[in-house]
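Here the structure is laid out as structure tokens; the discussion comes afterwards.
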Amino acid sequence: MAAPDGARPRAIRLRAYAKVNLGLRVLGRRPDGYHDIHTLLQTVSLFDSLTVVLRPGPAGVELSCDDPGLQGEANLAWRAADLLLRRTCSAARVSIELRKAVPVGAGLGGGSSDAAATLRALAEMLPQRPREGQLAEVAAELGSDVPFFLLGGTAVASGRGTRLSPLEDLPPAWLAIARPPVEVSTAWAYGALAADRSRGAGGSNAKMQVGPLGPGPTAGSAHIPALRNDFEPVVLRHFPCIAEVKSRLLAAGARGALMTGTGSAVFGAFDSRELARAAARDLCEAGVSAWPACYVGRVASTGPLSAMGSPETADGTATVGRPSTGGGIRVD
């Protein structure tokens with residue numbers, strides 16, 4: 001339900017979808033301290049929920065979260081709102097209510113997605129519209145994953161992760177996403193990978209070829225070995241519980257399984273929703289947090305926004321678009 005007569009909405013509810021890395025290469029350290037990477041990113045149906053409201057009162061940002069440890073100024077959504085207000089010289093009071101479902105520190109991009117959702121909402125609400133390209137600039141300043149969540153769907157990210165090439169939505173795929181009971185520090189993962197490479201223990205700048213992952217006549221298991229995460233060997237070696245979860249997904253019938261980002265979450269791709277749900281249920285019964293999920297395409301994951309938020313309808317009920325069909329993708 002759009003605001004009447006072109007008025008800016010005062011409140012927007014929206015979803016902030018998680019992502020998985022369908023392939024991830026680490027190419028080397030940059031002079032600015034970041035690393036050049038090459039990765040295939042995909043939004044998935046696990047999501048946080050945000051309500052962003054413009055309120056009367058002195059300018060500033062307030063954030064409440066159902067996870068008390070994520071309250072306040074350290075939250076990336078709070079930082080996103082604060083930075084956009086300063087960049088647009090907006091004297092507004094912003095209130096953000098955040099309900100978390102995407103686990104923290106798991107390589108699923110929950111905090112980055114929350115930040116991007118906050119930027120998208122405020123761009124529709126603030127009297128001072130951001131100039132063209134300003135949201136992307138603010139997103140890149142907040143973190144390497146944030147620009148992707150402004151785009152959503154399927155995309156190749158390169159450079160430090162902020163140079164994006166959107167791709168056609170992948171065919172539908174059913175996933176089980178599992179989060180082992182450990183957190184993997186991103187800084188530690190990069191350091192451990194560098195140490196492995198200095199000993200000649202792995203790592204490659206080879207080209208990455210990725211085929212469709214999931215059900216369908218072209219999604220056979222021959223495509224799965226092409227998927228690779230450069231962090232996975234070193235992380236699984238140091239955290240055997242992550243390796244065990246990956247093995248459980250494969251034993252449950254996943255066509256392939258891969259750690260996402262620097263971990264600790266692992267996803268498996270299944271031939272049906274029922275198999276993905278069964279795998280997630282079995283992992284939960286074994287004491288591992290797990291969720292069934294599916295790919296979410298670009299339109300469903302990012303807009304268009306309405307006064308009631310995106311991708312919600314006027315009556316507040318969620319709608320998730322199915323990805324379009326397509327063939328394999330080669331990422332060079």
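The values are calculated or read from the model by the stated rules, or taken from the named source; none is laboratory data. Computed from a prediction, not measured in an experiment: that's the story for all the values here. Methodologically, a virtual Cβ is constructed for each residue, glycine included, from the backbone with ideal geometry; neighbour enumeration extends over all protein chains shown. Heavy atoms of the whole protein, side chains included, go into the accessibility calculation; ligands, DNA and RNA do not. Shrake-Rupley method; radii C 1.70, N 1.55, O 1.52, S 1.80 Å.
Quickly run through region 243-263 and pick out the residues that are part of a loop (DSSP other than H, G, I, E, B) and not charged (D, E, K, R).
The first filter runs over region 243-263 and keeps only residues part of a loop (DSSP other than H, G, I, E, B), leaving 252-255, 260-263.
Hits for region 243-263 are ALA252, GLY253, ALA254, THR260, GLY261, THR262, GLY263.
If you scan region 157-181, which residues turn out to be surrounded by 18 or more Cβ atoms within 10 Å (Cβ to Cβ), more than 25 Å from TRP291 (Cα to Cα) and in contact (Cβ under 8 Å) with a residue 40 or more places away in the chain?
Initially, region 157-181 is screened for residues surrounded by 18 or more Cβ atoms within 10 Å (Cβ to Cβ), giving 157, 161-162, 167, 169-180.
Going one step further and asking which of them are more than 25 Å from TRP291 (Cα to Cα), we end up with 157, 161-162, 167.
Correct list: ALA157, GLY161, LEU167.
On the given criteria, is VAL20 touching a residue at least 60 places away in the same chain (Cβ under 8 Å), among the β-branched types (Val, Ile, Thr) and closer than 30 Å to LEU193 by Cα? Before you say what the answer is, go through the steps one by one.
On the way: touching a residue at least 60 places away in the same chain (Cβ under 8 Å): yes; among the β-branched types (Val, Ile, Thr): yes; closer than 30 Å to LEU193 by Cα: yes.
Judged against the criteria, VAL20 is a match.
What residue, of ASP82, ASP114, is open to solvent by less than 10 Å² (accessible area, probe 1.4 Å), of a type in the set (D, E, K, R) and modelled with pLDDT of 95 or more?
Numbers: ASP82 fails: open to solvent by less than 10 Å² (accessible area, probe 1.4 Å).
Testing whether each residue is open to solvent by less than 10 Å² (accessible area, probe 1.4 Å), of a type in the set (D, E, K, R) and modelled with pLDDT of 95 or more leaves just ASP114.
Which number in (1) more than 14 Å from the chain's Cα centre (by Cα); (2) under 26 Å from GLY261 (Cα atoms); (3) open to solvent by 10 Å² or more (accessible area, probe 1.4 Å); (4) β-branched (Val, Ile, Thr) marks the one condition that THR88 misses?
(2)
Every residue in region 182-195 that is closer than 23 Å to GLY256 by Cβ and either assigned to a helix (DSSP H, G or I) or open to solvent by 20 Å² or more (accessible area, probe 1.4 Å) (or both), please. Show your work before the answer.
Of all residues in region 182-195, those closer than 23 Å to GLY256 by Cβ come to 182, 184, 189, 193.
Residues satisfying the conditions are VAL182, ALA189, LEU193.
Within region 40-59, track down each residue that is touching a Lys or Arg at 6+ places or on another chain (Cβ under 6 Å), open to solvent by less than 20 Å² (accessible area, probe 1.4 Å) and not polar (S, T, N, Q).
LEU41, ASP48, LEU54
Looking at THR218, is it within 30 Å of LEU14 (Cα to Cα), open to solvent by 10 Å² or more (accessible area, probe 1.4 Å) and either modelled with pLDDT under 95 or part of a loop (DSSP other than H, G, I, E, B) (or both)?
Numbers: within 30 Å of LEU14 (Cα to Cα): no; open to solvent by 10 Å² or more (accessible area, probe 1.4 Å): yes; either modelled with pLDDT under 95 or part of a loop (DSSP other than H, G, I, E, B) (or both): yes.
Taking the combined requirement at face value, the residue does not satisfy it.
Go through region 50-71 and report how many residues are in contact with a strand residue (DSSP E or B) (Cβ under 7 Å, 6 or more places away or on another chain), farther than 16 Å from LEU83 by Cβ and among the small types (Gly, Ala, Ser).
Number satisfying all stated conditions: 2.
Determine whether region 95-102 contains at least one residue that is touching a strand residue (DSSP E or B) at 6+ places or on another chain (Cβ under 8 Å), closer than 30 Å to ALA286 by Cα and buried (at least 23 other Cβ atoms within 10 Å of the Cβ).
yes
Kindly check whether there is at least one residue in region 21-39 that is under 30 Å from GLN128 (Cα atoms), buried (at least 22 other Cβ atoms within 10 Å of the Cβ) and either modelled with pLDDT under 95 or small (Gly, Ala, Ser) (or both).
Our first condition is that a residue be under 30 Å from GLN128 (Cα atoms); within region 21-39, this holds for none.
Looking through region 21-39, none of the residues is under 30 Å from GLN128 (Cα atoms), buried (at least 22 other Cβ atoms within 10 Å of the Cβ) and either modelled with pLDDT under 95 or small (Gly, Ala, Ser) (or both).
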